[in-house]
Amino acid sequence: MLWFAMWRLQVVVCSLWLMLSTSVGGESKARSCSEVRQAYHAKGFSLVHVPHQEISGEHLRVCPQGYTCCTSDMEDKLNQQSKLEFEKLVEDSSHNMRVTFVSSHKKFDEFFLELLDNSERSLNSMFSRTFGKLYMKNSEVFQDLFTELKRYYTGGNVNLEEMLNDFWSRLLEQMFQLLNSQYHFTDDYLECISKYSDQLKPFGDVPRKLKAQVTRALIAARTFVQGLMVGREVANRVAKVNVAPACVRAMTRMLYCPYCRNIPGLKPCQNYCQNVMRGCLANQADLDLEWNTFTDAMLLVAERLQGPFHIDTVIEPIDIKISEAITTMQDNNKILSTKFFQSCGPPKPSGLGRSARGISDVFSARFRPYTPEEKPTTTTETSLDRLVIDIREKFQMSKRFWSNLPDDICGDVKLTESDEEQCWNSHTKGRYFPEVVKEGLTNQLNNPEVNLDITRPDTLIRQQIMALRVMSNKLKNAYNGNDIYFQDSSDEGSTSGSGSGCPDGCTTEAVVAGSEAPVIGADRSDVHTAEAGKTQSHRPSLLIMTMALIASFCAIQSRWR
């Protein structure tokens, strides 16, 4: 780091020369602060305490000391302004990415819920046409099926396999009674029938196939929409940066010390800005590894949604599958009933005689599926494939977002100057020589602009890293078709209109409220400047001799007007 030590020495010497040169000139050579006053007023600040001409700057605590256009009050206000502007820079730079999660979550959530609603309406319409009042009297079993499917999708603690098994058991009991209405069946008898359903398969192979398809599709869909929600919440919370004092001072030096040096229009050098931003966003960069893992896991589940777990091809024809199952039972009713009677014993006659057979006669009608022209169509404008492709493309763009954020911010021509010789380098107008440090907290040890305590990572960021890690694990399970437990949103009392509960491990408001701002190590910058201001000599002869020795050394670096 010899070059860095030499650069620091050069900066100190040049700064001393600049201060000495202004002192020798005396009050008669003090420059006007009119440009600074104009720029300061444009920021919305009062000009009451702003000097008209440069004053001695021993009072400055952040900006280089020397003749200046800044009072202590001005420096304090510019310090506060720097914090606000930094927060706005991060929020604005992450806006598009955060909006992507919000809109993607909303679109997918609406699409899937509408898919379930359309399937339920289709089933209700089909069965009502076939059986009329008879279906309406027994419609509860179908209503409960879709209620539970929605509750599972929206974060409820529902065991899909048990719920679907229960549906087919209830349907078997109702159909068996209707097809054999001349008999009376006790609850114990119906329970016996259910026990033999796996062996006799009254609905054929439909329950097994439908359970496998629906379970995989809903696991993928629910986990995917929960992932969108977790990504949205993490992005929103990380974008609300916890600005360390060292960062505020660094931002002030970068954005507003040119004001104090009477060159308010001078923009910072890009590589200087990068060091400041990488220091200020060091904790955010540490989120990147887990963020990328989470993004990759979301992309994998998105593939499942388009591939073997294709949700619209599974959910839409539920009514057709159930009608096929009932038709299978109708066709084999005599054989099935005989086998059930053999296994569970002869049933007792209902005592209604032949009149009861009229009920079973209704089932001579077959379930007639909709033709393509009759089938209700979804009002969703975008198909699943197009929706998922759009989400996948945006997810690809969000990878490495947090580690690239400093460079994205500093790449804005409104903020920085691309001309390396005509930019603010933290002390004067000219080239910025220090190397740009790498991203992440541990790499800030040698950051020349922001002095952070690298042993104290930001608590909130660490919590978001854990939330992403938990969600990534759930996504990987969903990719393999494995169910995972989600906290029932009703247990938390925090259900939302979007229809998505919060999974365990999901970030919550309690997490944010309970997190404390990290303790940042004392800022060690500008100590030499402050000390130099205390020991300046005012003897003209000594000043002239010192200036003569170092003027040539600093001639190249000095760009003062």
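The values are calculated or read from the model by the stated rules, or taken from the named source; none is laboratory data. No experiment lies behind these values; they were computed from the predicted model shown. All Cβ positions, even for glycine, are placed from backbone atoms using ideal geometry, and neighbour counts span all protein chains on display. Surface areas here come from the heavy atoms of the whole protein model, side chains and all, with no ligands, DNA or RNA. Shrake-Rupley method; radii C 1.70, N 1.55, O 1.52, S 1.80 Å.
Do the conditions hold for ALA244, that is, is it surrounded by fewer than 21 Cβ atoms within 10 Å (Cβ to Cβ), out of contact with any Ser or Thr (no Cβ under 9 Å at 6 or more places or on another chain) and modelled with pLDDT under 95? Considered against the rule, which asks whether it is surrounded by fewer than 21 Cβ atoms within 10 Å (Cβ to Cβ), out of contact with any Ser or Thr (no Cβ under 9 Å at 6 or more places or on another chain) and modelled with pLDDT under 95, ALA244 comes out as no. All of (1) in contact with an Asp or Glu (Cβ under 9 Å, 6 or more places away or on another chain); (2) without any contact (Cβ under 8 Å) to a residue 24 or more places away in the chain hold for GLU120 with one exception: (2). Output the number of residues of the range 99-129 satisfying the condition of being more than 20 Å from ARG386 (Cα to Cα) and crowded, with 17+ Cβ neighbours inside 10 Å. Residues meeting the conditions: 7. When THR442 is tested against (1) open to solvent by 50 Å² or more (accessible area, probe 1.4 Å); (2) more than 27 Å from PRO264 (Cα to Cα); (3) touching a residue at least 24 places away in the same chain (Cβ under 8 Å), just one condition goes unmet, and that condition is (3).
Going by the structure shown, is ARG392 modelled with pLDDT under 90, open to solvent by 50 Å² or more (accessible area, probe 1.4 Å), part of a helix (DSSP H, G or I) and basic (Lys, Arg)? No, not satisfied.
Going by the structure shown, is CYS257 within 15 Å of PRO434 (Cα to Cα) and either of a type outside the set (S, T, N, Q) or open to solvent by 10 Å² or more (accessible area, probe 1.4 Å) (or both)? Judged against the criteria, CYS257 is not a match. Only one entry in SER337, SER323, SER343 is out of contact with any strand residue (DSSP E or B) (no Cβ under 8 Å at 6 or more places or on another chain), assigned to a helix (DSSP H, G or I), small (Gly, Ala, Ser) and open to solvent by 40 Å² or more (accessible area, probe 1.4 Å), namely SER343. Looking across the range 164-183, the residues that are over 14 Å from SER337 (Cβ atoms) and either among the hydroxyl-bearing types (Ser, Thr, Tyr) or open to solvent by 20 Å² or more (accessible area, probe 1.4 Å) (or both) come down to ASN165, ASP166, TRP168, SER169, ARG170, GLN174. Suppose we keep only residues that are over 20 Å from ALA30 (Cα atoms) and in contact (Cβ under 8 Å) with a residue 24 or more places away in the chain within the range 40-59. Which one would you say is least open to solvent (accessible area, probe 1.4 Å)? For the range 40-59, the residue satisfying everything is PHE45. For THR328, the criteria (1) touching a Pro at 6+ places or on another chain (Cβ under 9 Å); (2) under 30 Å from ALA250 (Cβ atoms); (3) not small (Gly, Ala, Ser) hold in every case but one, which is (2). Across the range 177-233, what is the total count of residues that are at pLDDT 95 or above and of a type in the set (S, T, N, Q)? Residues in the range 177-233 being at pLDDT 95 or above and of a type in the set (S, T, N, Q): 2 in total.
Mind checking which residues of the range 411-431 are outside any strand (DSSP E or B) and of a type in the set (D, E, K, R)?
ASP412, LYS414, ASP419, GLU420, GLU421, ARG431
Tell me yes or no: at least one residue of the range 275-292 is touching a Gly at 6+ places or on another chain (Cβ under 8 Å) and open to solvent by 20 Å² or more (accessible area, probe 1.4 Å). Scanning the range 275-292, I find at least one residue that is touching a Gly at 6+ places or on another chain (Cβ under 8 Å) and open to solvent by 20 Å² or more (accessible area, probe 1.4 Å), so the answer is yes.
Within the range 289-332, the only residue that satisfies the criterion of being polar (S, T, N, Q), without any contact (Cβ under 8 Å) to a residue 60 or more places away in the chain and either in contact with a helix residue (DSSP H, G or I) (Cβ under 9 Å, 6 or more places away or on another chain) or more than 30 Å from LEU171 (Cα to Cα) (or both) is THR313. Screening the candidates ASN96, ASN138, ASN157 for the property of being open to solvent by 50 Å² or more (accessible area, probe 1.4 Å) and either within 22 Å of ASN333 (Cα to Cα) or free of Cβ contacts under 8 Å to residues at least 12 places away in the same chain (or both) yields one hit, ASN96.
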